[in-house]
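Okay, structure first, notes after.
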Amino acid sequence: MLPPDYWSQMQNPDIMSVMVFIIKFYSMMFVFMLLNVAMTVSFVWSLLIICRALRIPWIDGTTKGFINRI
């Protein structure tokens, strides 16, 4: 059984309000998944840039930094 706060989102539980609730729920879940992916990618790329700038070995084995790329 669903928690009561899910049912409080619907005023009258007919089939149309249930369908609207399902569409809203899954669309917001998809938005939060995209935000999670975007934050993870930006955090990892910022760590990569910082580690390369400071010549700290990263998971791909690069230690040259930005200046000595030859």
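The values are calculated or read from the model by the stated rules, or taken from the named source; none is laboratory data. Just so it is clear, the model here is predicted, and its values are computed rather than measured. Cβ: placed from backbone, ideal geometry, glycine included. Neighbour counts: every protein chain shown.
Looking at this structure, is L48 modelled with pLDDT under 90 and loosely packed, with under 10 Cβ neighbours inside 10 Å?
Judged against the criteria, L48 is not a match.
Filtering region 1-17 to residues that are of a type in the set (A, V, I, L, M, F, W, C) and modelled with pLDDT under 80 leaves M1, L2, W7, M10.
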